[in-house]
Amino acid sequence: MTKKECNIMLFSITLCWASSYIFIKDLPADMSSYAYLTLTAGIAGIILLVVFHRALKTLDWMTVLRSAILAALIAGNMLMEKKGLEYLPSSTASFLASLNIIIVPVILLMLRKFPTKNNIAGILIILAGLFVSDGISLSGSSAVGTLYMTGACVLMSLYTIVAADFSKKSNPLVLSVLQICFSAVIGFGLWFLEDPGTFAHVTWSNRMLSSIFILAFFSKAYAYIMLMYGEKYADAISVTVIASTEPVVTLTLALLIPNAQGDTEAFSVKALIGAVVIAVGAFVAGSDFLDRKKINMAGKVTDSGEQQKEPFHTAGMAEKKKGCAMAEPLKQFLLTMVPFAVLGAAFKVMVLVEGFTEVRPANALPMIAGLSFGLVGALGCAVGNLVADCFGTLNATSVLGMIGNMMAAYIPYRMWYALSREKPNVHSWKHLFLYIWTACVGALSCAWFLGFGLELFFGMWIESVYKYVLLNNLGFSLALGLPIFILVTSDSIRVKMQGPKRWENRFGLKRGRWVVAVLVADTVLLLGIMLGVLSGFHLTNSVLMCLVSGIAALLTIGVCILPTGKERDLK
């Protein structure tokens, strides 16, 4: 894993944790902090055990002990964070959480580990951003919330330093699973002591259950797996610097995403300036222009961007000697369909266009499934979308949704193997660009098919459907799909890719520049359609849009039959 890939993974964790403040606000005000810890960590633990139970075959007592220590730190952090949010707005809590940019270096200095000049300069800039933002207030109830968030920050700083050491000594995946499960046990024990009625005394609602599941899946299960693998390749200060950008993300989300009452936080010029300063500080701390000399620490990425030999591999994943059960089409299909359906159903409460679409993190999966499993993965996305629609938006237009999500997975797959002789990865800048390009074409194709399909087959033109489908597919493919793809293509996981074999060139066409020309032309037309939609044009009010859409349809078919390299020729 290169430094670039590691940073992308770590930033995705920041995105999850920043958005979690928004969803915590949607929980009932009277929900116990212990109940919150038990439910989120418990659901996350169940998910991880079901998916990664084979990894526990490598379990040893030192890993159990390390997981227990990490769980105690996580539990303390979660409880204090939940309590602090009862007194503070989301953006203020996030700014306070960034104070670990001070605490982590102080602890490391005590351990005789010294930051670089860039680290020091970046930390000072980030601190300036925190104080400029007006994010800290020490009056009334805010003082109580500040104390709780500061305590959470101290525990998180200790966790970051300890995890950076433990993840290099034990299997990161096993550490992730066990620490989340131990956190749930700790939470339930404290909850039972506080209220023996536990689950019976919770006021359940669809909105609350959805928020709990979202928090469990993203801020716990997803975030801590990514964090353990990220800590394996990065040092504690690098992790802390990237985490310090959390206020920037939280500020943006708090302004855009309404809470359960439909309210968003008020815009603040000072908060905006502070967020920009923090982003600059993070950039300075993460670069090396003040100190070109790099230290190749154990488990850290080297100057060339290559990693040292990795001692851990995911049990149950693809191993050359034993073969890979995941290569079986049925398991590939289920591995795609089930997560898509579960995520799609969980977010049905976050409606964007009634009866048609909602906020959909599940749209991060088509890129991963398509590039990994080809047509089987695309079919898994299609069926998963249909199953998710059964929880609130199932109607005749769901057929369009199935085809659209299948396109979002299959088109990137065909594009990749038409342009590259390597298995899908983003190790180089060239392949990162290719991932982004294919994600854009997949998202534009899906939005075009769904938006114009509604108008052509059902006589309904809903401009917002086109826009939200495009944003869902492209945004989540990059924000969540990319870091997950980095993990599954790393040496630590080794998921076996299912590339084209004998059916890759049905018409005897040879690969050449015309392949690139077809893909560029398709991209340009789809971008033109997007600009046309944003300008108010669609099929029934523009002959030109009809003509362009017809050509785009032919090019899309062409993309699906482009000649590709045979699997034996791929690196």
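Restricting attention to the stretch 198-210, does a residue exist that is in a helix (DSSP H, G or I) and surrounded by 24 or more Cβ atoms within 10 Å (Cβ to Cβ)? Within the stretch 198-210, none of the residues are in a helix (DSSP H, G or I) and surrounded by 24 or more Cβ atoms within 10 Å (Cβ to Cβ). As a summary of the residue check, Gly404 satisfies the conditions (1) open to solvent by less than 10 Å² (accessible area, probe 1.4 Å); (2) touching a Lys or Arg at 6+ places or on another chain (Cβ under 6 Å) except for the one numbered (2). From the list Gly475, Gly377, the lone residue that is surrounded by 24 or more Cβ atoms within 10 Å (Cβ to Cβ) and closer than 26 Å to Val518 by Cα is Gly377. Please specify each residue of the stretch 25-38 satisfying the condition of being within 27 Å of Thr245 (Cβ to Cβ), in contact (Cβ under 8 Å) with a residue 60 or more places away in the chain, open to solvent by 10 Å² or more (accessible area, probe 1.4 Å) and out of contact with any Pro (no Cβ under 9 Å at 6 or more places or on another chain). Those that are within 27 Å of Thr245 (Cβ to Cβ), in contact (Cβ under 8 Å) with a residue 60 or more places away in the chain, open to solvent by 10 Å² or more (accessible area, probe 1.4 Å) and out of contact with any Pro (no Cβ under 9 Å at 6 or more places or on another chain): Asp26, Leu27. Test Pro424 against the stated conditions and say whether it is free of Cβ contacts under 8 Å to residues at least 60 places away in the same chain and either open to solvent by less than 10 Å² (accessible area, probe 1.4 Å) or not polar (S, T, N, Q) (or both). For Pro424, the condition - free of Cβ contacts under 8 Å to residues at least 60 places away in the same chain and either open to solvent by less than 10 Å² (accessible area, probe 1.4 Å) or not polar (S, T, N, Q) (or both) - is not met.
Do we have Ile411 as in contact with a helix residue (DSSP H, G or I) (Cβ under 8 Å, 6 or more places away or on another chain) and surrounded by fewer than 21 Cβ atoms within 10 Å (Cβ to Cβ) here? Criteria not met by Ile411. Criterion applied to Ala93, Ala41, Ala71 was being at pLDDT below 75, of a type outside the set (D, E, K, R), surrounded by 20 or more Cβ atoms within 10 Å (Cβ to Cβ) and within 23 Å of the chain's Cα centre (by Cα), and the one residue passing it is Ala93.
The set of residues in the stretch 167-180 being within 24 Å of the chain's Cα centre (by Cα) and open to solvent by 30 Å² or more (accessible area, probe 1.4 Å) consists of Lys168 alone.
The values are calculated or read from the model by the stated rules, or taken from the named source; none is laboratory data. Bear in mind that the values here come from a model prediction, so they are computed numbers and not experimental data. Every residue, glycine among them, receives a Cβ derived from its backbone with ideal geometry; neighbour counts consider all protein chains shown. Calculation scope for accessible area: heavy atoms of the full protein, side chains included, ligands and nucleic acids excluded. Shrake-Rupley method; radii C 1.70, N 1.55, O 1.52, S 1.80 Å.
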